[in-house]
Amino acid sequence: MGVSRPQKAANGVSTRWVYVFCIASFFLGVVVINRFWAIPDPLDRDKVSPEKHRSEEASFQTGDILSQVSQTHDVIMTLDKTISSLEMQLAAARAAKGDSEEASPVVTKLGTENLKARRKVFFVMGIITAFSSRKRRDSIRETWMPKGLEHKKNYSTFLSSTSLWFEIGDGLLKLENEKGIIMRFVIGHSATAGGVLDRAIDAEDEQHKDFLRLNHIEGYHELSSKTQIYFSTAVAKWDADFYIKVDDDVHVNLGMVGSTLARHRSKPRVYIGCMKSGPVLGQKGVKYHEPEYWKFGEEGNKYFRHATGQIYAISKDLATYISVNRHILHRYANEDVSLGSWFIGLDVEHIDDRSLCCGTAPDCEWKAQAGNPCAASFDWSCSGVCKSVERMGEVHQRCGEGDEAIWHTSF
């Protein structure tokens, strides 16, 4: 047994010297803090009792710390959103490059120019519709969709007229320019491209200028695919903070929707809607039958949490994620289930906002009187406003926020 020697750290520095450096750093820190710490005026201190001074000092320090914590949290959230956005843009660029390699030079050039020319907006609202839903679209144009300044016809006139010319375009243009809100009816094309159904939509679009046409063959059992293509198309066309999907038999208050989304604007990955977890229906012939029911476990199990399909919103990063990965995202029979499944395993914040699934009157009226106006209203029994063509005007009158609300709401 010899004399013990000082141990050395892994980098060859003696442990004794490490202790010396630590102690020296501590005292140096104390000296620096004492040198630069603000010293109050002795004259002012004499005017305040020691107890009151200590209380005020503690209060000031607590408030200052809370303020700094709040500011730090805001900075972190902003950085997180920026980093996430850059990552998704990089992924989108890679995907676009991969797609463009298979396209002709002309198509590639046009696609690149369109991506560069994307307009920055607050949110895009896609109203999912079908060829047979002309009257539903007209009921929305006559009620909660912003109208042109000279469009003052009443709803009874609308119901009795089949040749009513809507001055919708002015209202939508004003909405885009002043509020950064894009609204479009979303529809694909028929199995026989250029047929009578497609020509009817072309004529309607020429009249109203309020359609977003998809490269998609329409069909009830293709809603998951249509939803996926809608988000991909909207992301390529507009650079929005949020992208919304809504059915054409739902009543919407745009001002309330905008206020709801504005509260979550700083978050990078949000999925907003009325969250539910319904049963998986494996029995054939029933509505909402799920052919792949076996994937969800034993009989009687429920789906994972997802937003009900009448209306929901997703942030830009999630819409971009759908666009980038559209070729490998699995589509279930029900589109709301499909959307929820695409976010399983991702770092996504699910926001359950019940103002997006109010009932029609009297439910929407009671909530408005209680100070909780609804962003969207429909009847659960019909998965939309029951007899929406006949009742949308009544629902708008009783549940609406007022036609001028959207113009007076700041986001």
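The values are calculated or read from the model by the stated rules, or taken from the named source; none is laboratory data. Source: prediction; values computed, not measured. Cβ sites come from the backbone with ideal geometry, for glycine too, and all protein chains shown count toward neighbours.
Anything in the stretch 195-250 that is hydrophobic (A, V, I, L, M, F, W, C) and within 27 Å of ARG391 (Cα to Cα)? List them, or say none.
Correct list: LEU197, ALA200, ILE201, ALA203, PHE211, LEU212, LEU223, ILE244, VAL246, VAL250.
Could you check, for the stretch 226-248, whether at least one of its residues is at pLDDT below 95, part of a helix (DSSP H, G or I) and surrounded by fewer than 18 Cβ atoms within 10 Å (Cβ to Cβ)? Before the answer, list the steps.
Step one: of the stretch 226-248, the residues at pLDDT below 95 are none.
No, there is no match, as no residue in the stretch 226-248 is at pLDDT below 95, part of a helix (DSSP H, G or I) and surrounded by fewer than 18 Cβ atoms within 10 Å (Cβ to Cβ).
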Q) If you go through the stretch 379-411, how many residues are in a helix (DSSP H, G or I), surrounded by 15 or more Cβ atoms within 10 Å (Cβ to Cβ) and hydroxyl-bearing (Ser, Thr, Tyr)? A) 1
(Q) Going by what's in this entry, would ILE328 be described as β-branched (Val, Ile, Thr), in a strand (DSSP E or B) and at negative phi? (A) no
Q) For HIS396, all conditions in the list (1) within 27 Å of HIS221 (Cα to Cα); (2) modelled with pLDDT of 95 or more; (3) of a type outside the set (A, V, I, L, M) hold save one; what is the number of the exception? A) (1)
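Of all residues being small (Gly, Ala, Ser) and assigned to a loop (DSSP other than H, G, I, E, B) in the stretch 272-315, which is surrounded by the fewest Cβ atoms within 10 Å (Cβ to Cβ)? Just the residue, please. Let's see the steps before the verdict.
Keep residues of the stretch 272-315 that are small (Gly, Ala, Ser), which gives 273, 277-278, 282, 285, 297, 300, 307, 309, 313, 315.
Applying the additional criterion that residues be assigned to a loop (DSSP other than H, G, I, E, B) yields 277-278, 282, 285, 297, 300.
Working: SER277: 12, GLY278: 13, GLY282: 16, GLY285: 6, GLY297: 10, GLY300: 9.
The selected residue is GLY285.
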Q | When residues of the stretch 122-146 are limited to those that are of a type in the set (Gly, Ala, Ser) and in a loop (DSSP other than H, G, I, E, B), the one nearest to LYS316 (Cα to Cα) | A | ALA130
Q. Does LEU346 qualify as being assigned by TED's automatic domain parsing to the domain that holds GLY171, of a type outside the set (Phe, Trp, Tyr) and assigned to a loop (DSSP other than H, G, I, E, B)?
A. yes
